[in-house]
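Have a look at the structure below, then the notes.
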Amino acid sequence: MEKREVAEVLKAPAPHMVGDGFRVHNFFPSGYKIDMNPFFLMDYGSKIEFSARKNPRGVGVHPHRGFETVTIAYHGAVAHHDSAGNSGVIYPGDVQWMTAASGILHKEYHEAEYSLNGGPFQMVQLWVNLPAKDKMSKPKYQGIKQADMPVFNLPDDRGKIEVIAGNYKTISGAANTFTPVDVYNARLRKGGKAEFIFPKENNTGFMIIEGSVIVNGQESAKADSFIYFKNEGDLITIKAEEDSVILVLSGLPINEPIHQYGPFLMNTEAEIHQAIADYNQGKFGYLEE
Ligand code: MN
């Protein structure tokens, strides 16, 4: 089996605020021009300490159409409500896989009790594109608790792979997806090793959430950096230099045209105009601020 080489180890770009609750580093598509299709966007909220506050920080009611938002919490807690009637709280280790598809309104805030106490906050939000045939399907919501996450335990108690989506060895992921994507939280103890095999055509990158790892026995990557791989070879190995958490992303690209305007991700300009018109006409439903 051929080794899949690292293309680059990318440092976190300068952060910006989303609302007043999410300080994020956008690795793509703004921060770096890397091809992670079908992952369209990754906002990484590096660890930050929020002070206690009675009124939770966050981002108010806004629309999405044409893709899925995937929110993965590491520290702190996020409360969510959407116009399809779904709501939930994402605690550390939990994942929210929200299919906006034909259109929803939602709001994302710090969970009330977390906000009252303040404390560390760290999360990731991904935008996963949908193929044209599914863009206008019905919105859907998958709230996945860490306790329910399928897990592959590494030998000798050296860590575990939580399979959020796709497959890792014998384990199938918790989330249903529209196209083939693998999303895992790899939690390795110091000295722990894991191997990953993905098809060459998959776009692949590892977000180092915590700790530091050696990739393919060569390159070192620390917390807050993103390891972007070439589309050559298939086998990736990592070894944790200290207790580490790695968000593993790999997906088969959707080879269709992309037109984005703000929170809408469609195939054509005309579909973007339609999304704006539908939003202005209240067709995304209603959600109280
Ligand atoms: Mn949103």
Response to the item:
Over the range 176-201, the set of residues within 19 Å of V70 (Cα to Cα) and surrounded by fewer than 20 Cβ atoms within 10 Å (Cβ to Cβ) is N176, T179, P180
Worksheet item: Restricting attention to the range 236-259, which residues are touching a residue at least 40 places away in the same chain (Cβ under 8 Å) and in contact with a helix residue (DSSP H, G or I) (Cβ under 7 Å, 6 or more places away or on another chain)?
Response: E256
Worksheet item: Quick check: is even one residue across the range 107-126 more than 15 Å from the ligand (Cβ to nearest atom) and under 18 Å from the mean Cα position of the chain (by Cα)?
Response: yes
Worksheet item: Can you name the condition, by its number, that V151 falls short on among (1) within 26 Å of A77 (Cβ to Cβ); (2) out of contact with any Gly (no Cβ under 9 Å at 6 or more places or on another chain); (3) of a type outside the set (K, R); (4) touching a residue at least 24 places away in the same chain (Cβ under 8 Å)?
Response: (4)
Response to the item:
Matching residues in the range 1-30 (buried (at least 20 other Cβ atoms within 10 Å of the Cβ) and in a loop (DSSP other than H, G, I, E, B)) number 2
Discussion item. When you scan the range 142-163, do you find a residue that is polar (S, T, N, Q) and touching a Phe, Trp or Tyr at 6+ places or on another chain (Cβ under 6 Å), even just one?
Written reply: yes
Worksheet item: So which residues in the range 90-106 are among the hydrophobic types (A, V, I, L, M, F, W, C), in a loop (DSSP other than H, G, I, E, B) and away from the ligand (no atom under 11 Å from the Cβ), if there are any at all?
Response: A101
Item to complete: Give the residue that is nearest to the ligand (Cβ to nearest atom), with candidates limited to residues of the range 260-274 that are within 19 Å of L126 (Cβ to Cβ) and touching a residue at least 24 places away in the same chain (Cβ under 8 Å).
Response: P263
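Read-outs: derived from the displayed coordinates by stated rules, not from any lab. Computed from a prediction, not measured in an experiment: that's the story for all the values here. Quick reminder, even Gly has a Cβ in these numbers, built from the backbone with ideal geometry, and neighbours come from all protein chains shown.
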